[in-house]
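The values are calculated or read from the model by the stated rules, or taken from the named source; none is laboratory data. Being a predicted model, the structure only gives us computed values, none of them experimental. Glycine gets a Cβ as well: all are built from the backbone with ideal geometry, and neighbour counts include every protein chain shown. What goes into the accessible areas is simple: the full protein's heavy atoms, side chains included, and nothing from ligands, DNA or RNA. Shrake-Rupley method; radii C 1.70, N 1.55, O 1.52, S 1.80 Å.
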Amino acid sequence: MHTLSFRQLADGLRSKQFSSQDLTRHFLGRIAALDSKLNSFITVTPEIALEQAKAADARLAAGKATALTGIPIAQKDIFCTRGVRTSCGSRMLDKFIAPYDATVVTKLHAEAGSVMLGKCNMDEFAMGSSNETSWYGQVKNPWDPTRVPGGSSGGSVAAVAAGLAPAATATDTGGSIRQPAALTNLTGIKPTYGRVSRFGMIAFASSLDQGGVVAHSAEDSALVLQAMAGFDPRDSTSVDRPVDDYLAGLDRPLDGLRIGLPREYFAEGLAPAIRTCIDEAIRELQKLGARTVELSLPHAPLSVPTYYVVAPAEASSNLARFDGVRYGHRSEEARTLEELYKKSRGEGFGPEVQRRIMIGTYVLSHGYYDAYYLQAQKVRKLIYEDFRKAFEQCDVVLGPTTTDVAFELGSKSDDPVSMYLNDIYTIAANLAGIPAMSLPCGFVRGLPVGLQLMGNFFEEGRLLNVAHRYQQATDWHTRRPPDPS
């Protein structure tokens, strides 16, 4: 059952080949048997899962099912889940039990009727590109357990790639859906900023964070995103705009599609073998009727330094609330109020989170705000303008998702700059607020390669359409790693 698509799972549930409870037990069994080798889950919720599965079976029997009813899904541990630990991968929130559900959780489980298997591991407070900064230990790539799965949504992708869940929620602040999806042979989509509610999603950088999904195919991703997306009055950044029917447009022909190829994404730094896979994918899309347009995103090389001013600045503000007073980790050794703040935060946050808080506090401080933060916001506007001009020439922008395949665990832990450069192709989409996705397009040295597509605002349907048509013509997305031993 863990090799079936969402459509096949839904058909099996409706034809009573198996029940949601059967399906849920199957995935819970795989988690119990295999996840000790991957560490993709922080918290598994069998009682909640089986209770939701029982309710889903009743809903199916009554003919009140949606496309997701009865299908298990894993939640990234950044989304609040009522009565269940929501840790954000940090010691700071190790004992935090959320008193309410995030909107994404409500939409997927209470409204769509899917089943929650548990909460997936992640880089601490979503800060990382390798899932090595989690308080709960590093996550391993199912394709090669000596390598990283990518981050920060490393637990989500490892669980889906290994067949421990058919799909999982994820978040993307600078590439945290697309980069790990590329490294584990999955399809992952980051929608337009404001398309998916951030209510109940623990904030890292509020102007960049966006929720999305990782699954095996564009069709599966479309089904989950359809249920997640929509306006939420509780999120001030949520956009009050109707959600397109993503499934209805999947089979649209690609005749006349204009694909923009930015010169900056095919320059020095891209591994030749990755370039070969991307070129072959472009030829496949041309066979399907698309044509290519060369273009430039001249400020793209500035996306990494811009991001590492803007994101830490917002993180330093958002994480100020974790002070050991109201909730979160509280030091037992503090004797004064000042010691309480210092020790609680020093013990509760890991090195990478501390590094970004310090950077953010520095760039916002008196005398440096204009020199760093204000300048970064100006460059961010230029990056947005690059995309605005690009979409006057093309329908989608195409490029690599990563510079190379998954790297070895620990190989970049002592070099923050090298780690940050893993997101060099993904960050610009977050700074501009546009939708972007990664899909499988080949293998290099036995490891997956990802193809990135970026679209204009609220053009998620177009991206999913291009990805789906490509996946109908290729079989990269169908390949699964062997079960970890």
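The table below lists the values:
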quantity: Failed criterion for P484 (all others in (1) in contact with a Pro (Cβ under 8 Å, 6 or more places away or on another chain); (2) at pLDDT 95 or above hold); calculated: (2)
quantity: Only listed residue being open to solvent by 60 Å² or more (accessible area, probe 1.4 Å) and closer than 24 Å to P145 by Cβ, chosen from T3, T43; calculated: T3
quantity: Verdict on A55 being over 21 Å from A126 (Cβ atoms), open to solvent by less than 10 Å² (accessible area, probe 1.4 Å), modelled with pLDDT of 95 or more and assigned to a helix (DSSP H, G or I); calculated: no
quantity: Test for Y246: is it over 20 Å from A222 (Cα atoms) and either surrounded by 14 or more Cβ atoms within 10 Å (Cβ to Cβ) or in contact with a strand residue (DSSP E or B) (Cβ under 6 Å, 6 or more places away or on another chain) (or both); calculated: no
quantity: Count - residues of region 443-460 that are open to solvent by 10 Å² or more (accessible area, probe 1.4 Å) and over 17 Å from T403 (Cβ atoms); calculated: 5
quantity: Residue pairs meeting the criteria (Cβ under 9 Å; at least 6 apart or on separate chains; first within 19 Å of F96 (Cα to Cα), in region 43-54; second open to solvent by 20 Å² or more (accessible area, probe 1.4 Å) and not in a helix (DSSP H, G or I)); calculated: T43/R85; I48/G83
quantity: Wholly within region 409-485, helices (runs of 4 or more DSSP H) carrying at least 3 residues that are within 15 Å of the chain's Cα centre (by Cα), touching a residue at least 60 places away in the same chain (Cβ under 8 Å) and more than 16 Å from A271 (Cα to Cα); calculated: 427-432
quantity: Matching residues, region 386-398, being open to solvent by 10 Å² or more (accessible area, probe 1.4 Å) and either of a type outside the set (D, E, K, R) or out of contact with any strand residue (DSSP E or B) (no Cβ under 6 Å at 6 or more places or on another chain) (or both); calculated: D386, R388, K389, F391, E392, Q393
quantity: Residue in region 366-385 that is under 24 Å from the mean Cα position of the chain (by Cα), closer than 30 Å to C277 by Cα and open to solvent by less than 30 Å² (accessible area, probe 1.4 Å) present; calculated: yes
quantity: Options R252, R234, R275, R241; residue that is outside any loop (DSSP other than H, G, I, E, B), in contact (Cβ under 8 Å) with a residue 12 or more places away in the chain and open to solvent by 50 Å² or more (accessible area, probe 1.4 Å); calculated: R275
quantity: Count - residues of region 127-144 that are in contact with a Ser or Thr (Cβ under 9 Å, 6 or more places away or on another chain) and under 14 Å from E408 (Cα atoms); calculated: 10
quantity: Test for I189: is it crowded, with 22+ Cβ neighbours inside 10 Å, part of a strand (DSSP E or B), touching a Gly at 6+ places or on another chain (Cβ under 9 Å) and not aromatic (F, W, Y); calculated: yes
quantity: Qualifying residue in region 20-31 (condition: under 21 Å from V157 (Cβ atoms), within 22 Å of the chain's Cα centre (by Cα) and in a helix (DSSP H, G or I)); calculated: yes
quantity: All positions within region 322-365 that are open to solvent by 80 Å² or more (accessible area, probe 1.4 Å) and touching a Phe, Trp or Tyr at 6+ places or on another chain (Cβ under 9 Å); calculated: Y327, Y362
quantity: Count of residues meeting criterion [buried (at least 24 other Cβ atoms within 10 Å of the Cβ) and either within 15 Å of the chain's Cα centre (by Cα) or part of a helix (DSSP H, G or I) (or both)] in region 104-138; calculated: 16
